[in-house]
1. Give the interface area between chains A and B as buried accessible surface, both sides summed, probe 1.4 Å, in Å² to the nearest 100.
2. Treating each Cα of segment B:35-77 as an identical point scatterer and ignoring solvent, apply the Debye formula and state log10 I(q)/I(0) at q = 0.27, 0.29 Å⁻¹.
3. So if I place +1 on the C-beta of Lys and Arg and -1 on the C-beta of Asp and Glu, and nothing else carries charge, what would the dipole magnitude of segment A:167-212 be about its Cα centre? I want it in debye, nearest 20.
4. Diagonalise the Cα gyration tensor of segment B:210-255 and give the resulting equivalent ellipsoid semi-axes, square root of 5 times each eigenvalue, largest first, whole Å.
5. Show the residues, 5+ positions off or on another chain, whose built amide H is closer than 5 Å to the amide H of residue B:134.
6. Just for the protein assembly as shown, what percent of DSSP beta bridges are antiparallel, to the closest 5?
7. Could you give the size of the charge dipole of segment A:52-159 about its Cα centre, using +1 on the Cβ of each K and R and -1 on the Cβ of each D and E, expressed in debye and rounded to the nearest 20?
8. Leaving out ligands and nucleic acids, note down the accessible area per residue over chain A with a 1.4 angstrom probe, in whole Å².
There are 2 protein chains.
Amino acid sequence: MSEGERLNRCGNGSRGRGARPRGTSDVLKRSRLKVRFCTNESQKSRADLVGLLQRLGFDVSESEVTAPAPAACLILKQRGLRPHLLVHDGVRSEFDQIDTSNPNCVVIADAGEDFSYQNMNKAFQVLMELENPVLFSLGKGRYYKETSGLMLDVGPYMKALEYACGIEAEVVGKPSPEFFKSALQEMGVEAHEAIMIGDDIVGDVGGAQRYGMRALQVRTGKFRPSDEHHPEVKADGYVDNLAEAVDLLLQHANK
Amino acid sequence: MSEGERLNRCGNGSRGRGARPRGTSDVLKRSRLKVRFCTNESQKSRADLVGLLQRLGFDVSESEVTAPAPAACLILKQRGLRPHLLVHDGVRSEFDQIDTSNPNCVVIADAGEDFSYQNMNKAFQVLMELENPVLFSLGKGRYYKETSGLMLDVGPYMKALEYACGIEAEVVGKPSPEFFKSALQEMGVEAHEAIMIGDDIVGDVGGAQRYGMRALQVRTGKFRPSDEHHPEVKADGYVDNLAEAVDLLLQHANK
């Protein structure tokens, strides 16, 4: 999955025309409409993610991004929790201000190659030593698409630890309602006024709909044809790519 | 978990006295009673396992052991399936007679350190390329105990692949009823005549009870005090170790 596909979008309609595959988010941002980027990216810090997107030509700033790691840090501080981190090195800096000594919970994120048996076992052992094991999972995506093929996301590893310990994880990120709520609050927009655009039928489309938003699925990235007959989630619309989604929003806004 | 603890026992009562922690299985085997060793061991071939047990002084032969890998091979042959194997090198020889070219299913076992991200991702990709993904899991244990601490078993990784692919695995091994059935058939004993002794409240005790057997849990190995208040499974009895279980069986048989 390209970074552009991985970073999904919350918008509330648009005006103007001429959206193209490149620059679509710029078109939205130049409109009267509010746009926010909701990502479950948990391998990079927001700073690194935004830097990469800017180099790719995207007009995005760190303050426009809702991401799981900062949201998790807020929860950890509020609840006085000290995490054992099973996360990718690229996102570790987001936790710099968090006390990780003598851990009383575990935070897992899309750790990629760091999901070794040894690291999984360590996280498991930390949880089993706690009287009340608390596990946070930054998202619960099943997989994502790289140029080399489909790749396991954090969700399967969350399920593994849930089963091993007999517990249920707290998900921070899409499709958690709390995550959509915080994104909308940051925009100052109500759920029924907002449209989610994403490639994940469950994480993006289902999650947004459960919070009262409408949602379009793009037929790019992790999209699979069977998503259009998903047993539990039906998107409000399907579009071939982000440009088509923006065109639709603009047509709608101009009616 | 020691090998002695990991290899659980099916028996149908006993006579004689004087069972001790060492030699308990010999006492059972010298009685009029039939004894079978039911293991979910899937890191070693039966030959290696029995060799190790014999060196430790156990009087066990390969033909007395019911184990998941040979059971899986039978199923693969019957159904014309060619597996992609995600298994420990130690058990790979059990699959020597199985065609693994152009795989149309996946078999996972307790692969230990081989549960790397790369290997899990490969198994996931094989499954996702199949029209009807078939996943076999040799057991579904949550964890086991080594001298270094609790270790993740195959079950969590089975759950990970189930979630990633949206499928349900076929379990070969305890607590699958088919597995207990084949062990009892090999003994020529009915379920109501047999007693299972094991350290796993779900895999040993719950599985045997669901097949109509009685079951004792030993307070060794992976036993945890909370097992005695398990929400779903209640053992027919708890014993401090195998020797106490054998004593109980002998007392019962002599009444």
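1. The buried area between A and B, both sides summed, comes to about 2700 Å².
2. -0.98, -1.08
3. Dipole magnitude for segment A:167-212 comes out near 80 debye.
4. In descending order, the three semi-axes are 20, 14, 8 Å.
5. Answer set, sorted by chain and number: B:106.
6. 35 percent
7. Charge dipole, segment A:52-159, about its Cα centre: 320 debye, nearest 20.
8. Ligands and nucleic acids excluded, the result is 44 Å² per residue.
The values are calculated or read from the model by the stated rules, or taken from the named source; none is laboratory data. All values reported here derive from a predicted model rather than from experimental measurement. Counting neighbours? That spans all protein chains shown, and the Cβs are built from the backbone with ideal geometry, glycine included. Note: areas computed on protein heavy atoms with side chains; ligands, DNA, RNA excluded. Shrake-Rupley method; radii C 1.70, N 1.55, O 1.52, S 1.80 Å.
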